[in-house]
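Down below is the structure, laid out as structure tokens.
Throughout, read-outs are computed from the coordinates displayed, never taken from laboratory work. A quick note: this is a predicted structure, and the numbers were derived from the prediction, not measured. Quick reminder, even Gly has a Cβ in these numbers, built from the backbone with ideal geometry, and neighbours come from all protein chains shown.
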Amino acid sequence: MIKRKKSTLVLIVVLMLAIFYMQLQTTIPGIIQDLDFDLSKKDAPPVTELHPYVLKQKNELVRLTEEKGITIIISDGYRSHEEQTRIYNQGRTTGGSIVTNAKAGESLHNYGLAIDFALKLKDGSVIWDMEYDGNNNGKSDWMEVVEIAKSLGFQWGGDWANFPDYPHLQMDFGLSIRELQRGKRPPEDIAIP
């Protein structure tokens, strides 16, 4: 009987500590670093630019859309944690509308695996109009860009159900945000057909 009470007490204490930990993480994000004691983890070098394959495919996207009479600009690529925090705070603690739910370290931009695009008109102005048909072929230029991007291996943020991000294109190489946070990176010389 006493042994059963001890195991029940231990279970209750463990559950309470887990709830306390989750509450702290929710209330004060980042106050406790992830308690992951993976000793095989190697420190990954800091990411400071687009992954080489993402860069190659970005350049190909610009070239292929130009061939269709559509000019795009890449409005964002690699993003530092500081920049991600600034964008995350927009609409929360600073002015403007909320544009992301990703905190620093939670966006593929922070790992050089995402880009954002916009359409550039002949007069030099930049638009985010998903209906615009500047090449007059009866199709939305925006969706033509998305179609080309997908053919190059990009995933489109417009396909997300919870928080669609229409200018966003990414390549996760099968890695989760958690894996990226732990230091896992796609190989530099990856060759995806």
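Between T8 and V126, the simple label model (points 7 Å from Cα in the Cβ direction) yields a spacing of 6.3 nm. Select from L64, L152, L11 the residue whose mean-square fluctuation is largest in a Gaussian network model of the chain (Cα-Cα springs shorter than 10 Å). Of the options given, L11 has the highest mean-square fluctuation. Pairs spanning more than 29 Å between alpha-carbon atoms, out of K103/K150; K139/K184; K58/K122; K150/K184; K6/K103; K68/K184: K139/K184; K6/K103; K68/K184. Let a ≥ b ≥ c be the square roots of the eigenvalues of the Cα gyration tensor of region 86-182; is it rounded (a/c under 1.5), or, if not, prolate (a/b larger than b/c) or oblate? The shape class here is oblate. Build a GNM of the chain with springs between Cα atoms under 10 Å apart, and of Y21, Y88, Y111 the one that fluctuates most is Y21.
DSSP beta bridges in the chain, what fraction antiparallel, as a percent rounded to 5? Among the beta bridges of the chain, antiparallel pairing accounts for roughly 90 percent.
Just to be sure I understand the model, the point goes 7 Å from the Cα along the line to the Cβ. What's the resulting N89 to F163 distance in nm? Each label point lies 7 Å from its Cα, and together they span 1.7 nm. Full extension of the chain segment joining K103 with L55 gains 15.0 nm, where the gain is 0.36 nm per residue of separation less the Cα-Cα distance. Only helical runs count toward this figure. For the chain, summing -39,500 (n - 2.57) over DSSP H runs of n ≥ 4 and dividing by all residues gives -11000 deg cm²/dmol at 222 nm. Of all the options N137, N89, N59, the one that moves most in a Gaussian network model of the chain with Cα springs shorter than 10 angstrom is N137. Electrostatic bookkeeping for E144 treats Lys and Arg as +1 and Asp and Glu as -1; over the other residues with beta carbon under 15 Å from its beta carbon, the sum is -3. Enumerate the residues in region 99-140 having an amide nitrogen under 15 Å from the point lying 7 Å beyond the Cα of S80 toward its Cβ. Only 104-105, 110-112 pass the distance filter. Stretched out straight at 0.36 nm per residue, the stretch from E179 to L15 would grow longer than its current Cα-Cα span by 56.5 nm. Seen from F154, the other residues with C-beta closer than 15 Å to its C-beta sum to a net charge of -4, counting Lys and Arg as +1 and Asp and Glu as -1. Counted without the sites themselves, the longest stretch of the chain free of trypsin sites (Lys or Arg not before Pro) in a DSSP loop having at most 13 other beta carbon atoms within 10 Å is 140-193.
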